[in-house]
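Heads up: the structure comes next, in C-alpha cells.
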Amino acid sequence: QVQLVESGGGLVQAGGSLRLSCAASGRTFDGYAMGWFRQAPGKAREFVARISWSTGSTYYEDSAKGRFTISRDNAENTVYLQMNSLKPQDTAVYYCAAAASGRLYYIFEVDWWGQGTQVTVSS
C-alpha cells in the first residue's frame, strides 16, 4: 500500500517562498513518476510538476516554470516542491501524486494521491 504524506503548506505573502514535502512509503519507486497537482477553490485539479524517480528528469507546467523546482531524495523517499516568487493565484490545495507507469500529467494517470496541503498566498 503506497502512502504519500504532504507537509509544508501554509500562509505566505506574495513574493514569498514555501517548500512542500511528500514522504512516500509502501514500495520502491524505481520507474515511477512523482509529482504535484493543485486545486484552487471552484477550479479543476491541475498538473504543476513531475520528476522521474529513477532519472531525476523534470517537467513543469508553464505557470510553474522559473519559479518552482521539483526534486527528490531517493534515500529519504521524499519529493520536494520549492516554490518561490509566490503569487495569490498560486493559492490552492497541493497534492502529491505517484504514477507507476512513469507518465504523469493527466489526472487519470495518477495511481496514488496524498491528502493535500493548503497553500495560501496573500496579496
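The values are calculated or read from the model by the stated rules, or taken from the named source; none is laboratory data. Only a predicted model underlies this, so the values are computations on that prediction, with no experimental measurement involved. In this analysis, Cβ positions are derived from the backbone assuming ideal geometry, glycine residues included, and neighbour counts consider all displayed protein chains. The protein model used for the area step is the full one, side chains on, heavy atoms only, and it has no ligands, DNA or RNA in it. Shrake-Rupley method; radii C 1.70, N 1.55, O 1.52, S 1.80 Å.
List of remarks:
- Residue 104 meets all of the listed conditions (1) without any contact (Cβ under 8 Å) to a residue 24 or more places away in the chain; (2) buried (at least 19 other Cβ atoms within 10 Å of the Cβ) but one, namely (1).
- Flag if residue 49 is modelled with pLDDT under 95 and either open to solvent by 70 Å² or more (accessible area, probe 1.4 Å) or assigned to a strand (DSSP E or B) (or both): no
- Conditions (1) open to solvent by 40 Å² or more (accessible area, probe 1.4 Å); (2) over 12 Å from residue 119 (Cα atoms); (3) at pLDDT 95 or above: number failed by residue 28: (3)
- All told, residue 69 meets the bar of being without any contact (Cβ under 8 Å) to a residue 24 or more places away in the chain, in a strand (DSSP E or B) and more than 20 Å from residue 2 (Cα to Cα).
- Neighbours by Cβ (under 7 Å, 6+ apart or cross-chain): first from segment 13-36, closer than 9 Å to residue 53 by Cβ; second part of a strand (DSSP E or B) and open to solvent by 60 Å² or more (accessible area, probe 1.4 Å): 33/50; 34/50; 34/72
- Within segment 60-78, restricting attention to residues that are open to solvent by less than 60 Å² (accessible area, probe 1.4 Å) and touching a Phe, Trp or Tyr at 6+ places or on another chain (Cβ under 8 Å), the residue that is nearest to residue 46 (Cα to Cα) is 61.
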